[in-house]
Amino acid sequence: MSIIKHKEQRVAVFIDAQNLYHSAKNLYKRKVDFGAIVKEAVAGRKVVRVIAYVITSEAGDEKGFFDALTKIGIETKTKDLQIFSGGAKKGDWDVGLTVDAITIAPKVDAIVLVSGDGDYVPLVKYLQIHAIQVEVASFGKSTSGKLREVVDDFIDLSDNPKKYLISRGR
């Protein structure tokens, strides 16, 4: 993949926090260092927006996590976990993230999706048709193969997981 990354390029980063959280937990039994991932994703370019999409749990004990994201310059958007009458639970931001990416696209040169969710393939194709460079940063072992195929660049966080995970001592 031959892509352009230069310091004058305007970039927006959209973080599917649940996707990354569960990937890191399942693959490494660790938590994600979102600051390190954003730094890698931005790659010295001009940041327009960095937004993390998060689901609040039934316990509602995420305040510390939200505060930590805000402290490192990540805007957070929250949505309550949906609990259905049969006990099934659902919590995702796919549509909200997609709408925000399409809305912000005219103001940037590149969009970085921090997610391995294949549901974003139509978004990637739409953005590319509108001349937006689309990059994905995710753990390769849990990233949709189709998503990897369509993006302009793929940053495999599994290549150096220690760099993107919070050590147990922190």
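The values are calculated or read from the model by the stated rules, or taken from the named source; none is laboratory data. Fair warning: this is a prediction, and the values are worked out from it, not measured in the lab. Please note: Cβ atoms are built from the backbone with ideal geometry, for glycine as well, and neighbour counts cover all protein chains shown.
Tabulated values for the structure
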{"quantity": "Residue list for the stretch 36-68, filter: under 23 Å from Lys107 (Cα atoms) and in a helix (DSSP H, G or I)", "calculated": "Ile37, Val38, Lys39, Glu40, Ala41, Val42"}
{"quantity": "Residue within the stretch 8-28 that is within 19 Å of Leu147 (Cβ to Cβ), part of a helix (DSSP H, G or I) and modelled with pLDDT of 95 or more present", "calculated": "no"}
{"quantity": "Filter pass, Ser142 being among the polar types (S, T, N, Q), within 15 Å of the chain's Cα centre (by Cα) and either under 16 Å from Thr98 (Cα atoms) or surrounded by fewer than 15 Cβ atoms within 10 Å (Cβ to Cβ) (or both)", "calculated": "no"}
{"quantity": "Tally of residues being within 17 Å of Ile3 (Cβ to Cβ), charged (D, E, K, R) and in contact with a helix residue (DSSP H, G or I) (Cβ under 9 Å, 6 or more places away or on another chain) across the stretch 134-158", "calculated": "5"}
{"quantity": "Cβ-Cβ under 6 Å pairs, at least 6 apart or on other chains, the stretch 18-30 side under 16 Å from Ala52 (Cα atoms), far side of a type in the set (Gly, Ala, Ser) and assigned to a helix (DSSP H, G or I)", "calculated": "Ser23/Ser142"}
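Quick grid of which residues meet (1) at pLDDT below 95; (2) loosely packed, with under 15 Cβ neighbours inside 10 Å; (3) of a type in the set (D, E, K, R); (4) at negative phi:
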position	(1), (2), (3), (4)
Asp94	yes, no, yes, yes
Val99	no, yes, no, yes
Thr103	no, yes, no, yes
Pro106	no, yes, no, yes
Ala110	no, no, no, yes
Leu113	no, no, no, yes
Gly116	no, no, no, yes
Leu127	no, no, no, yes
